[in-house]
Structures are given as structure tokens and as C-alpha cells.
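No value in this document is a laboratory result; all are computed from the given coordinates. No experiment lies behind these values; they were computed from the predicted model shown. For neighbour counting, all protein chains shown are included, and Cβ atoms are generated from backbone atoms with ideal geometry for every residue, glycine included.
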Amino acid sequence: MTSLFILAQAGQPQVGWLSGKLLGVTLTSAEWVLWLLVVLSVMSIAVMLERAVFFSRHRLPNSEELALRLARGEFEAVRTAIAGRSGMEAAVIREGLASSDRGADTVEQVIASTVARERPQYERFLSLLGTLGNNAPFIGLFGTVLGIIKAFHDLGSINVKGAAIQQTVMAGISEALVATAVGLAVAIPAVVAFNIFNRQLKTLTSRTNALGHALVGALRAEGGKSASANARAAEGR
């Protein structure tokens, strides 16, 4: 009788109170993780489309030509060319030309201030893409772990033998791995889009700085010519 009692106790797994509570939480279905990943995927696609439209509408297609015109001092032609345009490049040229009568040093500070003001508009929502790219695989892995825990718990709760055990375990694990696959499917496009938009922002910032340098250089050249002319006039007197 004593040996039977010992065998009965050995057959019952001993689970701690905290482990039992956590096990009860993790035994819920992992389908909510899949729905969360679907929602995050929709958000990611929406951000990609919005950023693509924003970048395409807020750039100057002929910034190289405008930089050459600024360097030659064709300020009125450049002002006409950017009329009605929006974006960092157009804002820098517009603000710089508006401050041109206050000297090259002031224009340089105005350009730096304009770039700092316009840049956050291009960086908006990019942190969301970066966060999804870094964390979506972990969310999918979390769903996979939940699914595997549930599969093994279901296996221990039913009375099956032989091939039925293998079928039960493999079906549960394959279903759980779907969460990891979905997590990767959400993360990879987000990472690619994040890198593309960051690269476009760096290129746009470089082109904007080139326009600013061309404008400041032209203003300093004009200032040098005016100073020379004034010096010659003073000598003539």
C-alpha cells in the first residue's frame, strides 16, 4: 500500500504556486500575437506609403542646377524657380534669400536654423519603422514560445501513444512557428524602408547644405567685390 502511494505521488508533477500562475497565463492561445503582428504590419505599410509620398513631394528635382545659379549670383531666377515649392531645400533657399541683405554670416545662421527646423518633418514616423524592425521578430518569437508551451501541455493532457504523439507535437509546433515567420515578415520590410528613408534624408540634407554653401559663397563674393570697389573709389578721391 505504501509503495502504491509513493508511485501515485511520483506520477503527479509538483508545480510551484508562481509557476502554476504563470503557466495558466501562458496557456492562452497565441493567436492574439498574430493579430498584433497583423496590426503592426498595417501600420508599417501605412507609414511607408506616407513617407514615400512626403519625400517625393518635398524635394527639388533640379537642386544641382539651382546650386549653380546661386553660385553665379542669379538670385531672382532662383527665387522664381522655387516659387510654390515646399521642403527643406526650398525653405533654405527662400529663408536665405530673404536674409541676404543682412550679410553672409547672418544667412549662414539662418540656413542652419532652417535645416534644424525642417529636418524633424522628414524624420517623423521613422522611429516607428526602426522599432518594428528591431522588435517584431521578438514579438513573433514570443508567440512561438506560447504556442510550444500550449502544444506540450495539450500533449500531457491527452492519452495518446505512438505515432499520435508525434503528430500532436508536430502540429502544435508548426502552428506555433507561424508567429515567428509573421514577425520576420513584418520586420524585414520595416528595416529596408527605414534604411531607404534614412539614406534619402542624408542625401537631401547634403543637397540642402550644398545650396546653402552656394548662396553664402555668392554673397561673400559680392561683399568682397563691393569692398574692393569702395576701396578703389576711396583711393581715387
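Treat the count of other C-beta atoms within 10 Å as a stand-in for reagent exposure and order VAL47, VAL38 from fewest to most.
Working: VAL47 20, VAL38 12.
With the fewest neighbours first, VAL47, VAL38 line up as VAL38, VAL47.
So how do MET88, MET43, MET48 line up by other beta-carbon neighbours within 10 Å, fewest first?
Ordered by Cβ neighbours within 10 Å, fewest first: MET43, MET48, MET88.
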